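Here is the structure we will look at.
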Amino acid sequence: MKPNPPSALRSLIRAVSWHRRKLAVIAAVLAVLTGINAAAPRAPDTVTVLRAVEFLPGGGPVAATQVRLEAVVAEAVPEDALTDPAQAVGRILAAPVPKGQVLTGSDLVGDRTLRPGRVLAPVRLADSGLAAVLRPGDVIDIVAADGQGGPAGTVARGVRLVTIPGADGSTGRSDSAAGVLVLVEVDDETALGLARAGSTSALSVIWR
């Protein structure tokens, strides 16, 4: 017959057994939680980018109140997205930007929108109705007509229209009785020729 252990020893054995069961339960709970965390989908990576908080008309400068930084899912961020207000504020927009759109370097007039050796030249066209049909990116010839009824001539051939500065903040179009102002990409010599022609003649366009 096996002798019974002393009562103090029996108490110690019961305590160890109880704690062992408690530790086993805790370990099981931790294992379940670990499994849940492992199965949960990983939060998508985000990038802080510059977004328009209102409609931005093309041809005008970007104001600090018109943009803000927001976190966007990295997969949805366009190439060349701007990440700092200083990259856009005060710069000229090459085309209208809808409210909520992420701004990119291509939205701004500058090195990214002008080819090497080219400059941005302002041209005021006599017919304000052209504002409704011209679009950034159009390739046009600019023609000059003598106000005294003389013959018309081509001042610039195959130039790219970069943007149409907006006279108001709603349409992005600069149309009035004084005509419509457009900005075109040309070389230095052509820019001088356009300036001379604009001071003496009425200018219009022919689409390529």
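Residues with amide H under 5 Å of D127's amide H, sequence separation 5 or more or different chain, H placed in the peptide plane at 1.01 Å from N; which?
Here V180 satisfy the definition.
Using the Cβ atoms and a cut-off under 12 Å, what net charge is assigned to the surroundings of A195, where Lys and Arg are +1 and Asp and Glu are -1? Working shown, then result.
Values: positive: R124, R196; negative: D188, E189.
Net charge around A195: 0.
Can you give the net charge of the other residues whose Cβ lies under 11 Å from the Cβ of P136, counting K and R as +1 and D and E as -1?
Working: positive: R135, R160; negative: D107, D138, E185.
Once all neighbours under 11 Å are counted, the net charge is -1.
Restricting attention to the alpha-carbon atoms of segment 46-107, what are Rg (one decimal) and Dmax (integer), both in Å?
Considering segment 46-107 through its Cα atoms, Rg and Dmax are 10.4, 31 Å.
With each label point set 7 Å from Cα along the Cα-Cβ vector, what nm distance links T83 and D187?
The two pseudo-label positions are separated by 3.8 nm.
Skipping prolines and chain starts, which residues have an amide H placed within reach, meaning under 5 Å, of the one on A95, given they are 5 or more residues away or on another chain?
G59
Near L69, within a Cβ-to-Cβ distance under 13 Å, what is the net charge of the other residues, with Lys and Arg +1 and Asp and Glu -1? Provide the component values of the computation, followed by the final result.
On the way: positive: R51, R68; negative: E70, D84.
That sum, taken over residues with Cβ under 13 Å, equals 0.
Name the long-range amide H neighbours of L82: under 5 Å, sequence gap of 5 or more, or other chain; modelled H, no Pro or chain starts.
Distant-sequence amide H within range of L82: L50, L103, T104, G105.
Could you give each residue of segment 97-107 its phi-based ³J(HN,Hα) in whole Hz, using Karplus coefficients 6.51, -1.76, 1.60 with θ = phi - 60°, and x for Gly or Pro?
Computed from phi, the couplings for segment 97-107 are 10, x, 4, x, 6, 6, 7, 10, x, 6, 6 Hz.
Values quoted throughout were computed directly from the atomic coordinates according to the rules given, and no laboratory measurement underlies them. Since this is a predicted model, take the numbers as computed values, not measurements. All Cβ positions, even for glycine, are placed from backbone atoms using ideal geometry, and neighbour counts span all protein chains on display.
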